[in-house]
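Q: Just dropping this structure here.
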Amino acid sequence: MPTTNRKKQKQGKDTAVQGTNDSSVVSKVSAAAQGYFQDAFLQHFVCKVARRAPLINRGYYVRWRAVDHCVRRFLQITENCPRRQILSLGAGFDSLYFRLHEEGVLDRAVVFEVDFPDVARRKAALIGAKITLRANLDSQLPSLTGPVYVSSGQYRLLGVDVREESQVEEALGGAGLDWDAPTLLLSEVVLTYMETQWSDAVIGWAAKLLSHSLFVMYEQICPHDPFGRIMQDHFLKLNSTLHALRQYPDTAAQTHRFLDKGWEQCVCLDMNDFYLGLVPEEERRRVESLEPFDEYEEWHQKCTHYFILTASRGSLTTQALLTHPPVTPIPSMSPSWSPMALSVRPMPEEVCMEGLGMASTSLGPGQLLLTGGSSRGGRGAVTRVLLRGQAGWRCACVEPSVDWGVRLYHTVTSLPGGGAVIYGGRSSPLNPIRSLLRVSLDPDAPPDSLCSENQDTVKLCVKQMAFTGDPPQPRWRHSATMLSHNGKDFLFVFGGRNELEAVLGDGHFLCLDQQHWTEIPVEGTAPKARLSHSACSYQGGVVVFGGLGTGGVPLGDTVVLRPTDRGFCWERLEVQPPPVPRYSHSAHVIGEKLVVVGGVWLHSDGVPGVAVIDLTTWSSVEFTLDTTSVPWPLMLHSFCSELTDPEEPAVLLIGGGGNCFSFGTHLNPQPVIVDLRPVLG
C-alpha cells in the first residue's frame, strides 16, 4: 500500500477513535444528570445534553465509580508526599481535574492530560469559553515548552499522539512532569484502540520511566461469546477496532501483560466483581433506586465484558492497588464439564421468529403457543403458534377474541384438560399486569384444521378469568407451574418481582376448578427469594432451579416442593458438583433428569450451555453448545424453550437476546434446536 494511502487510513482511524470521546462524554453527562454521581463540569464539554437509557447510565456509573475509587485511593496514600501527579492518557473531555480541584483534594498535585492535538485543541477552546472552567485554573503560569494547550499551576493539557513514545516523553518533560514523583496513570478505553505493539510499548515505557507509579486501566474483555462478538462488530463499524482483545481476552491475560512489561504487582477485576465486592451495599441500593430498571441480563453481561486494573511500581503505590473483595457475594464454583458439546442447528429461514420476554407453552402435540414479549417492532409482539407437520415446523398467526395488550416476562402454563393460563407480566417496570387469562383452541374449528400444511391462521378463545380469594401481589419474572393436591389441579406461582419489590420469595396456590386463591400448608425452609428462575412440574410437586437472588447475585440451588399428606414440603437437593449458577434460563424435567438450558452467569469462564441434574443421585454435568451451524451469535437469555416431541430428545429454543449496552440490540432471528440425545442416552 502506498505511504500516502497508509497515512490517510491511519488518520481516518484516529478520527473515528476521537469520535468515541464525544459519545462517551454525552453518556457521562446523562448519568450525572440522573444522580448516579456528582459532576457539575461535564455538561460544559457537550453541545447538547441527551438522556440515555437506564442501562447506559448504570454502565457509565460503574466505570466512573471504579476509576474514582482508584484515584481517591492514590490521593489518600500520597497525601503526605511533597509532590504527586496524575497523568491521564487519552483524556478526551474528561472533567477529572476540575472536579478534584473544586473539592480541594489536589494539594501538592499536578494533573497532566495527553490526547490527540485536535482533541486537545477542542478541549482548550471549550475551557477558554467557559468561565466556570476558567475559574478553576490558577494564575500561576509555569515556563513550559512543547505542545501545551492549557497551562496552570496544577493542570497541563498536552496535544500529542500517545503512540509516539519519544514525543510523549519530550512533551511531558517540557511540561514539567517529575519522573521520580508518585504518579497515577489513567487509561479509560484508550490503549485498546491502538495496535497491540503500540499499547504494549506505552505500558512498558511507563514502567521504565516512572519508578513510583500506579497504572489504572478500564477496558473491554471477553471477545468470543455472543455479547463479545456484538461488541467487537460495533467498534469495527465505527472503524475503531478493539485490538487488545485478540492477545489479552481476559483478566488473567491482562494481569500477565502488565507483569511482563515491567510492573511489579497487578490486580484486575471484572466489573461484576468490582460492583458486587467493592461498592458498599448502601451505595448499590441508592444507585439501583434512581430509575425503573429491568435489564438485569444486559447489565451483568456489560459488567462481564469490562474490567478495572491497577498495576504498581514502588512500595508506596502498592498500597493503592485494588483489593480483591474480602467477602464476595459471587459464589465460587467447580462444576463438572463434559468433554462433549451438544449440537445446535437453526430452523429453516422461513420460520422467522424473534422476541425477548416472551412466554410459550404447548397446546397439544406439535402445537406451541408464543405470547407477548418485545421485538424490533416494539413491545407487544404478535402472538403466534408454531405448528409441526409432515414438512416440518411452520409459523401461524393468531386471531385472538380479546386484546392481549403489552405483556413481557409473564408465564403461560398448560392446563391438564387442554388450553393454558396466562399470568402476570408487565408493560413497563412501573406497570405490572393484574389480569389472568385462559386460552384455548377454538372449539368450533375442524378437528384436523391445524394439520393442514396450508393453515396460516389459528383462532383462539381468550377469556379473562374471574377468581376469588386473596390474590398474590402482581409480578413478573416469576414462575407458574401445575401441581396437584387432594386430587385437584393447582397453579403454583412463586417468586418474581414487581414495581415495589425488587425480588419476591412468596408462593401462592390457585385452585383451577374453583378459580380460587387458597392457602395450602407448606413445611420446610422456603427457598431464597428470586426472579427469572425455572420451575417444572415433578412428581405432583415442583422443582425450582436457579434465578437471580437478593443483591443481584445468580443462584445455583435446586429445591423441590414435594407433596405430603397435609400439603407440601420444601426440600433442598445438595447437588454435587454444584452446577453453574444462572438466571433467565429455561428448564425441563425429562424422566428423572432436570435439563437446564442457557441463562446468565457473572463470569465468562462459566457461560451456561446445558446443565443436566439427576434428581435421584443429586449429581450434575455441564455441557457446552456447538453453535458452529448457527450463523449468528446465539444469546440464550430472555428466551422460551419447549420439548419438540417425547419421542425425539431435543429442545426447541425460541427468541432471546437483548440490548448489548450501547452496542445495539441483538435478537436471535430464528428458533434453534438442541440435540439432547447425548444427555439422555
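Q: Look through Ser332, Ser360, Ser338, Ser343 and report the one residue that is within 21 Å of the chain's Cα centre (by Cα), within 30 Å of Gly556 (Cα to Cα) and not aliphatic (A, V, I, L, M).
A: Result of the check over Ser332, Ser360, Ser338, Ser343: Ser332.
Residue-by-condition table, conditions (1) out of contact with any helix residue (DSSP H, G or I) (no Cβ under 9 Å at 6 or more places or on another chain); (2) at pLDDT below 95:
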| position | (1), (2) |
| --- | --- |
| Lys48 | no, yes |
| Arg52 | no, yes |
| Gly59 | no, no |
| Val62 | no, no |
| Val71 | no, no |
| Gln85 | yes, no |
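Q: Which residue, of Trp198, Trp205, is open to solvent by 50 Å² or more (accessible area, probe 1.4 Å), in a helix (DSSP H, G or I) and of a type in the set (Phe, Trp, Tyr)?
A: Trp198
Q: While we're here: So, of the residues in the stretch 476-521 that are among the polar types (S, T, N, Q) and more than 13 Å from Leu561 (Cβ to Cβ), which turns out to be least open to solvent (accessible area, probe 1.4 Å)?
A: Asn498
Q: While we're on this one: Looking for whichever is within 24 Å of Gly551 (Cβ to Cβ) and either in contact with a Phe, Trp or Tyr (Cβ under 7 Å, 6 or more places away or on another chain) or among the acidic types (Asp, Glu) (or both) here; the options are Pro669, Pro581. Which one fits?
A: On inspection, the qualifying residue turns out to be Pro581.
Q: What pairs come out if I take residues in the stretch 164-177 that are at negative phi and pair them with residues that are part of a helix (DSSP H, G or I) whose C-beta lies under 7 Å away, six or more apart or interchain?
A: Matching pairs, first to second residue: Glu165/Ala201; Glu165/Trp205; Glu169/Leu209.
Q: Mind listing whichever residues of the stretch 631-665 are assigned to a strand (DSSP E or B), more than 13 Å from the chain's Cα centre (by Cα) and closer than 16 Å to Phe227 by Cα?
A: Correct list: Phe639, Gly655.
Q: Can I ask one more? Cβ-Cβ distance below 7 Å, separation of 6 or more or different chains: which pairs start in the stretch 591-610 with a residue that is within 27 Å of Thr328 (Cβ to Cβ) and at pLDDT below 95 and end on one that is open to solvent by 10 Å² or more (accessible area, probe 1.4 Å) and assigned to a strand (DSSP E or B)?
A: Final answer for the pair search is His603/Asp270; Gly609/Phe623; Gly609/Thr624; Gly609/Leu625.
Q: Moving to a separate point now. Would a scan of the stretch 116-131 turn up a residue that is touching a strand residue (DSSP E or B) at 6+ places or on another chain (Cβ under 7 Å), open to solvent by less than 20 Å² (accessible area, probe 1.4 Å) and outside any helix (DSSP H, G or I)?
A: No - not one qualifying residue is present in the stretch 116-131.
Q: If you don't mind, another one. Of all strands (runs of 3 or more DSSP E) completely enclosed by the stretch 479-568, which ones contain at least 3 residues that are closer than 30 Å to Phe293 by Cβ and either out of contact with any Lys or Arg (no Cβ under 6 Å at 6 or more places or on another chain) or not β-branched (Val, Ile, Thr) (or both)?
A: 479-485, 488-496, 504-511, 534-538, 541-549, 554-563
Q: May I ask you to list pairs of residues, at least six apart or on different chains, whose Cβ atoms are under 8 Å apart, with the first in the stretch 347-367 being within 11 Å of Cys640 (Cβ to Cβ) and the second being among the polar types (S, T, N, Q) and at pLDDT below 90?
A: So the pair list comes out as Gly355/Ser374; Gly355/Ser375; Leu356/Ser374; Leu356/Ser375; Gly357/Ser374.
Q: Could you tell me whether the stretch 65-75 includes any residue that is of a type in the set (Gly, Ala, Ser) and within 23 Å of Asp118 (Cα to Cα)?
A: No.
Q: Sticking with this one: Could you please give the count of residues in the stretch 456-475 that are small (Gly, Ala, Ser) and surrounded by 14 or more Cβ atoms within 10 Å (Cβ to Cβ)?
A: Number satisfying all stated conditions: 1.
Q: Right, here's the next one. Go through the stretch 344-378 and give me each residue that's on the phi > 0 side of the Ramachandran plot and either in a strand (DSSP E or B) or surrounded by fewer than 16 Cβ atoms within 10 Å (Cβ to Cβ) (or both).
A: Matches in the stretch 344-378: Gly364, Gly366, Gly378.
Q: Please determine, by comparing only the residues of the stretch 379-398 that are part of a loop (DSSP other than H, G, I, E, B) and under 20 Å from Leu436 (Cβ atoms), which one is modelled with the lowest pLDDT.
A: The qualifying residue modelled with the lowest pLDDT is Gly380.
Q: Where the second residue is open to solvent by 50 Å² or more (accessible area, probe 1.4 Å) and the first is more than 18 Å from Val607 (Cα to Cα) and lies in the stretch 315-341, which pairs have Cβ atoms under 7 Å and are six or more apart or on separate chains?
A: So the pair list comes out as Leu316/His212; Thr317/His212; Thr318/Gln265; Ala320/Arg73; Leu321/Gln265.
The values are calculated or read from the model by the stated rules, or taken from the named source; none is laboratory data. Keep in mind that this is a model prediction, so the values were computed, not measured. Here the Cβ is made from the backbone with ideal geometry for all residues, glycine too, and neighbour counts use every protein chain on show. We work out accessible area using only protein heavy atoms, side chains counted, and drop any ligands, DNA or RNA first. Shrake-Rupley method; radii C 1.70, N 1.55, O 1.52, S 1.80 Å.
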